[in-house]
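Have a look at the structure below, then the notes.
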Amino acid sequence: MGAGGKQYDVVLDSYCLQSIVTDTDRAKLLGAVRDRIKSTGYYVLSTAIYEPDRVYDNDFRYDATSGICYQAAGPAEDAIQLDGTWYLPHRRHLQAAALRVELETAGLRVVSQEGGDVICVRSHGT
């Protein structure tokens with residue numbers, strides 16, 4: 001963050017992160033969050049996570065490896081083709097442990113986590 005940039009005691013994310021799908025976009029967002037919370041501040045996050053019992057409608061495909069939920073669409077930028085149908089990244093439903101790793105990789109330290117409900121602080125040295 002540039003010199004003199006605004007920082008906050010709390011950054012609150014109420015189910016926004018799940019809509020940021022690609023690795024690049026998520027890394028940028030989490031880096032921006034890290035830079036904007038004070039050294040004594042908190043990132044409070046609630047996000048949907050992978051649930052084995054979740055049923056996706058017929059127009060959706062879930063990739064358990066990446067946590068990406070794809071929605072059927074026509075050919076477009078960022079679309080992928082699976083079994084002859086085009087899909088766009090729609091949501092990201094990571095498993096709780098993968099979400100924790102992603103947050104820690106972004107320079108955040110998880111102080112509390114219950115599934116997709118997480119409280120983080122800046123890691124030392126970030």
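Values quoted throughout were computed directly from the atomic coordinates according to the rules given, and no laboratory measurement underlies them. Here the structure is a predicted model, which means the values were calculated and not measured. So basically every Cβ, Gly included, is an ideal-geometry build from the backbone, and we count neighbours across all protein chains shown.
Miscellaneous remarks
- Exposed trypsin sites (Lys or Arg not before Pro) absent: longest stretch of the chain, with sites in DSSP loops and at most 13 other Cβ within 10 Å deemed exposed: 55-126
- Derived scalar couplings between HN and Hα for region 15-32 equal 6, 8, 4, 4, 8, 9, 9, 6, 4, 4, 5, 5, 4, 4, 4, 5, x, 5 Hz in order, rounded to whole Hz, by the Karplus curve 6.51 cos²θ - 1.76 cosθ + 1.60 (θ = phi - 60°), x for Gly and Pro.
- Cα→Cβ-extended label distance, 7 Å offset, between residue 113 and residue 82, nm: 2.4
- Nonlocal amide H pairs with residue 42, under 5 Å, H built at 1.01 Å: 10, 11
- In sequence order, region 7-12 has phi-based couplings of 10, 10, 6, 9, 10, 10 Hz under the Karplus curve 6.51 cos²θ - 1.76 cosθ + 1.60, θ = phi - 60°, and Gly or Pro positions carry x.
- Here the spin labels are modelled as points 7 Å beyond Cα on the Cα-Cβ line, and at residue 26 and residue 65 they lie 1.5 nm apart.
- Derived scalar couplings ³J(HN,Hα) [region 74-85; Karplus, 6.51 cos²θ - 1.76 cosθ + 1.60; whole Hz; x for Gly, Pro]: x, x, 7, 4, 6, 6, 10, 10, 10, 6, x, 10
- Taking amide H as placed 1.01 Å from N in the peptide plane, the amide H of residue 86 sits under 5 Å from that of 73, each at least 5 places away or on another chain.
- Percent RCO, i.e. relative contact order, over the chain, from Cα pairs under 8 Å lying at least 6 residues apart: 28
- In the list [x] 34; [y] 75; [z] 28, the label attached to percent of Cα pairs over 26 Å apart as derived from the coordinates here is [z].
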